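Working notes, beginning with the structure itself.
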Amino acid sequence: MFEAARFDDAGLGMRILWRFGCSARLLQTNHYRTAASNPSFPAVWMLLARHPVRIPALFAVFHNRIHTMPETTQHNPNPELYSPHPDVRGMTLLNREAFKRTVVVPALKVKKEIVHTLLKSLKHAVLQRPGLKRVVEDPEDEDSKLVILDPQKIPEFSLGESEKEVLKQLHVNPEVSKYNLELTYENFKSDEILRAVLPEGQDVTSGFSRVGHIAHLNLRDHQLPYRHLIGQVIVDKNPGITCVVNKTSIIDSTYRNFQMEVLAGESNLVTKVKENNFTYELDFAKVYWNPRLSTEHGRIVELLKPGDVLFDVFAGIGPFAIPAAKKKCVVFANDLNPESYRWLLHNCKLNKVDSKIKAFNMDGRDFILGPVREELRKELALVKEQKTAFHIVMNLPALAIEFLDVFRHLLVGEPCSAAVLPTVHCYGFSKHENPAKDIQERAEAALGASLEGRCSTYLVRNVAPNKEMLCITFQIPADVLYKRPCPAGDKPASKRLRTCQDVTEEGLQS
């Protein structure tokens, strides 16, 4: 068990908590306080010490929700019992027939009329495998059935006292017989198949994202020789998955898409996804979509109130903009990628908010200097009370912080009320040992002003080992946003325009 005293560094604490599956909300700092100065991290460690958590298993994302692959928690006396035939090791082209094998399992002879009752009473000990029957015909007695038991739960074909008591009450003979059970490819789970095929001791797939009918993998180098087999296994074992792709390049920071290879199934990459009760359609090969951001999209939209104004600088296909418009916010959405812009318009119509969103296909900096500045100039001059809030979302983690300098003296004139200064939600990646401190310092450098005590950081997700995605939220300081006009008394005296007469008089005097 970890001791809080051993982890006095806030950044290290954040990383290890994240590795051990703690909610990102547990790590959220108080509103308008920075994680860099937040003293609550030791308390978080103490909380972890009091409430131990399991190390999470390998994960996969299905229908925009993160699930963990099953973890074996009970004693396993024979881990190879349900393993495929050892000859499949090293297979690169899937041969389903090679997975056949016969294993000996325990069985109980039970009268037909009490089979259902027995299954309910011995539910924990009955065999449960994909595609396998738990009850089979007894070849020696047509009035009886054979109930197949799980050999992992009934080691050495010996019933425990609790199972014997159940059988005694049902007047069932406790004698356990042996049954030859044939296992085929259909009866093995995907992780069992891949663990049997890949070289011994190497990791199986570390998880995949599901985007509609597409499974998106990020395979490691040692898995690449088996990539087509891995893809086919995922298609076979996951209903609704008809296409498996593997990322072959890093995300292009300009258009936020990447090169990919189709490993198995159809090559159709136009798909439909559901997120937070909204439907989106997209071409996965041409636009950016990450199902792991579903919670973050919902978190930001929850902050908005009807009538608020949202400027989405890097809108993608609309996961922030469309729910905000449905919430009766005024929305300006922009994306540089022409394909993202096209699908944004399509999804606005699909979700019936096309009349409520003003969409743009511009560079993010030009969008802020143009439509955003014009709208702020007009609206902030009219707003006297905090009835309308202005939010600017900048979800381009690789580059967004570099755009913050555009807010320097974006407006000219006397500052508006501090209560209605625009709130920025800017995303970034960090590999720093204290990611919250790092992202705050980078934002301050871009703005040319301190955010100490007036910003909050939120740990969105762990992207890779020692790489975090965070959101920093702050109101743009008035002295950053506004360029104040010079007071009348400070203006230099204007020079009088010289006339032809002045020139003539100077000539005569000389």
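The values are calculated or read from the model by the stated rules, or taken from the named source; none is laboratory data. Small disclaimer: the values here were computed from a predicted structure and weren't measured. Heads up, the Cβs are rebuilt from the backbone with ideal geometry, glycines too, and the neighbour counts pull from every protein chain shown. When the accessible area is computed, the model is the full protein with side chains, heavy atoms only, and any ligands, DNA or RNA have been set aside. Shrake-Rupley method; radii C 1.70, N 1.55, O 1.52, S 1.80 Å.
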Among the residues of region 221-235, which ones are hydrophobic (A, V, I, L, M, F, W, C) and closer than 22 Å to residue 184 by Cβ? 229, 230, 233, 234, 235
Among the residues of region 285-301, is any modelled with pLDDT of 95 or more, among the charged types (D, E, K, R) and open to solvent by 30 Å² or more (accessible area, probe 1.4 Å)? no
Is there any pair linking a residue in region 105-128 that is in contact (Cβ under 8 Å) with a residue 24 or more places away in the chain to one that is part of a helix (DSSP H, G or I) and open to solvent by less than 10 Å² (accessible area, probe 1.4 Å), with Cβ under 7 Å and at least six apart or on different chains, and which? 110/118
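Table: residues versus (1) touching a strand residue (DSSP E or B) at 6+ places or on another chain (Cβ under 8 Å); (2) under 23 Å from residue 315 (Cβ atoms); (3) of a type in the set (Val, Ile, Thr).
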{"site": "414", "(1), (2), (3)": "yes, no, no"}
{"site": "438", "(1), (2), (3)": "yes, no, no"}
{"site": "444", "(1), (2), (3)": "no, no, no"}
{"site": "457", "(1), (2), (3)": "yes, yes, yes"}
{"site": "469", "(1), (2), (3)": "yes, yes, no"}
{"site": "472", "(1), (2), (3)": "yes, yes, yes"}
{"site": "476", "(1), (2), (3)": "yes, yes, yes"}
Against the definition (more than 17 Å from residue 267 (Cβ to Cβ) and open to solvent by 60 Å² or more (accessible area, probe 1.4 Å)), how does residue 207 come out, yes or no? no
Of the residues in region 182-193, how many are open to solvent by 10 Å² or more (accessible area, probe 1.4 Å) and either more than 14 Å from residue 85 (Cα to Cα) or part of a loop (DSSP other than H, G, I, E, B) (or both)? 4
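Going residue by residue through region 361-374, is there one that turns out to be within 18 Å of residue 304 (Cβ to Cβ), open to solvent by 70 Å² or more (accessible area, probe 1.4 Å) and either modelled with pLDDT of 95 or more or in contact with a strand residue (DSSP E or B) (Cβ under 7 Å, 6 or more places away or on another chain) (or both)? Don't jump to the end; show me each part of the working.
First, the residues of region 361-374 that are within 18 Å of residue 304 (Cβ to Cβ): 372.
From what's left, open to solvent by 70 Å² or more (accessible area, probe 1.4 Å): none.
Scanning region 361-374 turns up no residue that is within 18 Å of residue 304 (Cβ to Cβ), open to solvent by 70 Å² or more (accessible area, probe 1.4 Å) and either modelled with pLDDT of 95 or more or in contact with a strand residue (DSSP E or B) (Cβ under 7 Å, 6 or more places away or on another chain) (or both).
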Go over the candidates 447, 421, 459 one by one and state the one that is surrounded by 16 or more Cβ atoms within 10 Å (Cβ to Cβ) and under 30 Å from residue 219 (Cβ atoms). 459
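I'd like the full set of residues that are outside any helix (DSSP H, G or I) and small (Gly, Ala, Ser), limited to region 90-110.
Initial filter on region 90-110 (outside any helix (DSSP H, G or I)): 90-95, 100-110.
Of everything in region 90-110, those that are outside any helix (DSSP H, G or I) and small (Gly, Ala, Ser) turn out to be 90, 107.
Each row is one residue, and each column tells you yes or no for (1) in contact with a strand residue (DSSP E or B) (Cβ under 6 Å, 6 or more places away or on another chain); (2) within 15 Å of residue 90 (Cα to Cα); (3) at pLDDT below 90.
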{"position": "186", "(1), (2), (3)": "no, no, no"}
{"position": "194", "(1), (2), (3)": "no, yes, no"}
{"position": "202", "(1), (2), (3)": "no, yes, yes"}
{"position": "214", "(1), (2), (3)": "yes, no, no"}
Could you check how many residues of region 370-413 are of a type outside the set (Val, Ile, Thr), over 31 Å from the mean Cα position of the chain (by Cα) and outside any loop (DSSP other than H, G, I, E, B)? 10
Determine if region 236-251 includes at least one residue that is in contact (Cβ under 8 Å) with a residue 40 or more places away in the chain and farther than 27 Å from residue 184 by Cα. yes
Any hit, region 425-436, residues being within 17 Å of residue 308 (Cβ to Cβ) and at pLDDT 95 or above: yes
When region 132-167 is checked residue by residue, the ones that are among the charged types (D, E, K, R) and either part of a loop (DSSP other than H, G, I, E, B) or under 12 Å from residue 118 (Cβ atoms) (or both) are 133, 134, 138, 140, 141, 142, 143, 145, 150, 153, 163
Checking residue 241 against (1) within 20 Å of the chain's Cα centre (by Cα); (2) farther than 21 Å from residue 99 by Cβ; (3) modelled with pLDDT of 90 or more, the condition it does not meet: (2)
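So which of 315, 324 ends up being in a loop (DSSP other than H, G, I, E, B) and either among the aliphatic types (A, V, I, L, M) or under 24 Å from the mean Cα position of the chain (by Cα) (or both)?
That would be 315, the only listed residue that is in a loop (DSSP other than H, G, I, E, B) and either among the aliphatic types (A, V, I, L, M) or under 24 Å from the mean Cα position of the chain (by Cα) (or both).
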Across region 213-239, the tally of residues that are within 26 Å of residue 280 (Cβ to Cβ) and open to solvent by 60 Å² or more (accessible area, probe 1.4 Å) stands at 2
If the Cβ limit is 7 Å and pairs must be 6+ apart or interchain, which residue in region 451-468 that is at positive phi pairs with which residue that is among the hydroxyl-bearing types (Ser, Thr, Tyr)? 453/32
